[in-house]
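Take a look at the following structure, please.
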Amino acid sequence: MFRVPQPEGPAAAAPSMAPPSGDLRLARYRIGLEAIEALDLPSYLGSTLRGAFGHVFRRIACLAPHGGRCPAADTCPYHLVFEPAPPPDAAALSTLDDIPRPFVIAPAPAAGRAYRAGDEVAFDLTLIGRAREFFPHFVVTLRELRALSRGRHPVALRRIEAVDSFEGRPTPVYGDEDNLVRSHDASVSLGACEHLAPPQGPVTLRFLTYTRLKHDGDWARRPEFHVVFRRLLGRLSSLALFHCGFRLDLDFVDLIERAKAVRLVEDRTRWEDWTRYSSRQDRRMTLGGLVGEAVYEGPLDGLWPFLVFGQWTHVGKNATFGLGRYEIVDSPQEGA
């Protein structure tokens, strides 16, 4: 275990980068903040949390004064996590906005707007690939996250729990009573999902937050399985390439052809619009997405591990602040 330091300035150096393991890995945490006074927060808290979190993370971890040019962007925790740049020889995703960030901040989909003093503001945090190495920076950032927007909404970090992805069992990692981070292993890999076999019969996906799937140049208004799977496979392959240091060794053409054989037999989704304010672009934005349930039928062999793992990475655009969150309603069964 280690005691969380009191930040006195930006981190001077990033932790060393371990060699890629050849498997896409992530770690999941549940964060508990306490409202110090009554709060009135947006109906969906994801973008608010992401904005406040990024502001504090930059102040703590980046060497650049006042948001200027960072002299060590290649090793800066802030730039590697929040503003990743493609390597010079990257053949794909050559723009900053195309590269997925290696984390997901996901408040509960049904979180309320009004909090009384003493209420808990809870959300899930997923760290993907090398972002897991920066967990101490995330802890310090959470401790310094005094407000959720523009100096208002005071909060205090009370707890962090590591979440077992398969069983959902929480393990205490941090408590404010002793300011210690305890040793833990919260990681799960894509490979670990390969022992799961798809259930027999139809499978239901429940899209919990606005799910934005781009297909043929437009937003998909109907969650055909191959569209969902294409976007999921693209996200996972990009996360592996840019944040785990390796390419997924997959036959993408074969996987997409398999996905086309899975039929959408019942569509209980709807399109909803959501308006948020972007401090980076200094304007209000309307983001639409699918929510609800979709029932699929067809052969899922070879596709199931990606579908299970994708529950924790989310799918589609704006996953960083919790959009594209889905769950498999039917519990996966272990294979022989």
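Across region 48-64, in residue order, what do the Karplus-derived ³J(HN,Hα) couplings come to in whole Hz, using 6.51 cos²θ - 1.76 cosθ + 1.60 with θ = phi - 60° and x for Gly and Pro?
Each residue of region 48-64 in turn: 5, 4, 4, x, 5, 5, x, 4, 6, 4, 5, 4, 7, 9, 9, 7, 5 Hz.
Can I ask one more? Only Cα pairs under 8 Å and at least 6 apart count here; give the relative contact order of region 191-334 as a rounded whole percent. Intermediate values should be presented prior to the final figure.
On the way: 268 pairs, mean separation 62.2, N = 144.
Here the relative contact order equals 43 percent.
Here is a further query. Multiply the residue gap between Glu266 and Arg221 by 0.36 nm, knock off their C-alpha separation, and tell me the result in nm, one decimal place.
Net length gain for the segment: 14.8 nm.
On full extension of the chain, what length is gained from Arg113 through Thr286, given 0.36 nm per residue of separation minus the C-alpha to C-alpha distance?
Contour length minus the Cα-Cα distance gives 60.4 nm.
Something else about it: I need Lys260, Lys317 ordered by Cβ neighbour count within 10 Å, fewest first. Could the numbers behind the result be given before it?
Working: Lys260 15, Lys317 20.
Going from least to most buried by this count: Lys260, Lys317.
Moving on to the next point. Give me the dipole magnitude in Debye, nearest 20, for region 133-284 about the Cα centre, with unit charges on the beta carbon: positive for Lys and Arg, negative for Asp and Glu. Please list the in-between numbers first.
Details: 26 positive and 22 negative charges, 186 e Å.
Charge dipole of region 133-284: 900 debye, to the nearest 20.
Further, regarding this structure: Given points 7 Å out from each Cα along the Cα-Cβ axis, report the Asp185 to Ser43 separation in nanometres with one decimal.
Calculated label separation equals 4.4 nm.
Related question: Determine, from the Cβ-Cβ distance of Asp23 and Arg59 and an R0 of 35 Å, the FRET efficiency 1/(1 + (r/R0)^6), rounded to the nearest 0.05.
Values: r = 33 Å, r/R0 = 0.95.
Plugging the Cβ-Cβ distance into 1/(1 + (r/R0)^6) gives 0.55.
Now a separate question. Could you line up His79, His66, His215, His243 from fewest to most neighbouring Cβ atoms inside 10 Å?
Working: His79 20, His66 6, His215 15, His243 25.
Going from least to most buried by this count: His66, His215, His79, His243.
Separate question: What list of ³J(HN,Hα) couplings, whole Hz, do you get for region 208-217 from phi and the Karplus terms 6.51, -1.76, 1.60, once you set θ to phi - 60° and write x for glycine and proline?
7, 10, 3, 10, 10, 10, 8, 8, 6, x
Bear in mind these aren't lab numbers, they're just calculated from the coordinates by the rules spelled out. Keep in mind the model is a prediction, meaning the values are calculated, not measured. Cβ coordinates were reconstructed from backbone atoms using ideal geometry, including for glycine residues, and neighbour counts include every protein chain displayed.
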